[in-house]
Amino acid sequence: MFIKETTKGMRDILPAESEIREYLLTKLKKTYASFGFSQIETPAVEHIENLTSKQGGENEKLIFKILKRGEKLSESASGSNVDDLVDSGLRYDLTVPLSRYYSNNAANLSLPFKAMQIGPVWRADRPQKGRFRQFTQCDIDILGDASNAAEIELITATSTFLESVGVGGCTVMINDRRILAAMARASGFSEDQFGLVFIILDKYDKIGEAGIEKELLEAGYAPECVAKYMEIFRGSLSATDRFAYLEDVLGDAIEEGVVANIKEIVEAVAVISEGRFNLEFDVTLVRGMGYYTGTIFEIKSEDFKGSSIAGGGRYDNMIGNFTGQKTCACGFSIGFERIVGALLEKGFKPSDRAEKTAVLYDKRLGATELAMMQKKAMEYRNAGRIILVQKMNKNVGFQKQKLEADGYTKFVDVRYPDEISKLDNI
């Protein structure tokens, strides 16, 4: 017996949503191409070794694993470890595949290389409202540029796209993983404790300063380390010149030039944007992906109740894991599905969509009349119009209602052969 429902966590996309998705993708590709990004494609399936390289954080627990095939599967079936049966998996993001792609094709690519990649990814997550196991990611990355020109362009390009599709009230939050590490280091935490400190700090929006201090103490960290950390943290939030404060209080705990680098990015984006979007230094921004090595950023929007709709950062070590040579890399990804969902709820209609006309003909008309109608319809289609020629249903009112939901705004009813002339001027 066949099952009509989709597999758990997957979904069908209806025409109204599909139209919005295509509209956004067209805008996105046009915007990113104007900045010089080249579109690439990578396979949906990657070697399991690449996907489990400890670079994807929690996502590595959500891999859809693919069994070996044929004789290889039979040979491994007697093993006691389930992972012995697996040799590949569905990609959980586009960054790991991009790193493999670049390491495999670098000789044929320009340097720096500016990549635009759009495609589905899969995560064996628990499905819930707005969260699916298959979803589309839209990434731009700059590989081979160690300067902050990469961050500046990524932030500008992403913000420009969001502005072009009417996402309002955008604020870009920026931080640096090296600043986070320096704050922990200057407070006396050991390197192996940084990870949990970051996880607790990432809860700031939910638990506040008091909650962070409480959780750090409950984690068993030395009270003097926690006290020093909270002192630095509070100072970084309240200082008039936050950059000068951090450079002073962190001292030798931070690499030279890191704070100045963030300041340069903030100032440059302010000049480029001319106030169209805000860029703020946020010392509480963490981002969970384990492969980030430097600058990290997110975009929040008033249209999305202040939650994140885009994120990214610098990951200078990932490609080197494939090639053995360090290659600087920085990327930004938008929350494509969240934007689509919000526009659907608003009843959004693409502003540049072509008028859609439906020609509905009576079932009594024969093949000759249908050929005449299609011939006239082709003249309009060749001129760029959208013309649907469809047999009239018994309940034509309901039929038109469904077509209107699909974006058709004009209807021509043809019940008799002599009414085909209605198509002469539509």
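The values are calculated or read from the model by the stated rules, or taken from the named source; none is laboratory data. No experiment lies behind these values; they were computed from the predicted model shown. Please note: Cβ atoms are built from the backbone with ideal geometry, for glycine as well, and neighbour counts cover all protein chains shown. Remember, those area values only see protein heavy atoms, side chains included, never the ligands or the DNA or RNA. Shrake-Rupley method; radii C 1.70, N 1.55, O 1.52, S 1.80 Å.
At a glance:
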quantity: Close pairs from segment 287-305: first in contact (Cβ under 8 Å) with a residue 40 or more places away in the chain and closer than 14 Å to Ile174 by Cα, partner part of a loop (DSSP other than H, G, I, E, B) and of a type in the set (Lys, Arg), Cβ under 9 Å, at least 6 apart; calculated: Ile296/Arg287; Phe297/Arg287; Glu298/Arg287
quantity: Leading residue by the ranking (nearest to the chain's Cα centre (by Cα)) among those in segment 233-246 that are among the small types (Gly, Ala, Ser) and open to solvent by less than 30 Å² (accessible area, probe 1.4 Å); calculated: Ser236
quantity: Residues of segment 196-227 satisfying the condition of being within 26 Å of Leu279 (Cα to Cα) and either under 25 Å from the mean Cα position of the chain (by Cα) or among the charged types (D, E, K, R) (or both); calculated: Phe198, Ile199, Ile200, Leu201, Asp202, Lys203, Tyr204, Asp205, Lys206, Glu209
quantity: Failed condition for Met372, given (1) open to solvent by 40 Å² or more (accessible area, probe 1.4 Å); (2) of a type in the set (A, V, I, L, M); (3) within 30 Å of Thr95 (Cα to Cα); calculated: (3)
quantity: Filtered residues of segment 360-370 (kept if in a strand (DSSP E or B) and either hydroxyl-bearing (Ser, Thr, Tyr) or at pLDDT below 90 (or both)); calculated: Tyr361
quantity: Residue check, Arg100 over 29 Å from Lys29 (Cβ atoms), open to solvent by 10 Å² or more (accessible area, probe 1.4 Å) and not in a strand (DSSP E or B); calculated: no
quantity: Check on Gly341, farther than 28 Å from Val172 by Cα and of a type in the set (Gly, Ala, Ser); calculated: no
quantity: Qualifying residue in segment 12-23 (condition: open to solvent by less than 50 Å² (accessible area, probe 1.4 Å), among the aromatic types (Phe, Trp, Tyr) and closer than 17 Å to Tyr291 by Cα); calculated: no
quantity: Number of positions in segment 265-286 that are open to solvent by 50 Å² or more (accessible area, probe 1.4 Å) and either at pLDDT below 90 or assigned to a helix (DSSP H, G or I) (or both); calculated: 8
quantity: Among (1) in a helix (DSSP H, G or I); (2) within 23 Å of Thr26 (Cα to Cα); (3) open to solvent by less than 30 Å² (accessible area, probe 1.4 Å), the one test that Thr357 misses; calculated: (1)
quantity: Pick from segment 247-264, criterion part of a helix (DSSP H, G or I) and among the β-branched types (Val, Ile, Thr), ranking: surrounded by the fewest Cβ atoms within 10 Å (Cβ to Cβ); calculated: Val249
quantity: Ala107, sole failed condition from (1) part of a helix (DSSP H, G or I); (2) of a type in the set (A, V, I, L, M); (3) open to solvent by less than 40 Å² (accessible area, probe 1.4 Å); calculated: (3)
quantity: Residue list for segment 129-187, filter: over 26 Å from Lys27 (Cα atoms), assigned to a helix (DSSP H, G or I) and open to solvent by less than 10 Å² (accessible area, probe 1.4 Å); calculated: Ile179, Leu180, Ala182, Met183, Ala184
quantity: Neighbours by Cβ (under 6 Å, 6+ apart or cross-chain): first from segment 174-190, closer than 17 Å to Ala219 by Cβ; second surrounded by 21 or more Cβ atoms within 10 Å (Cβ to Cβ) and not β-branched (Val, Ile, Thr); calculated: Ser187/Tyr229
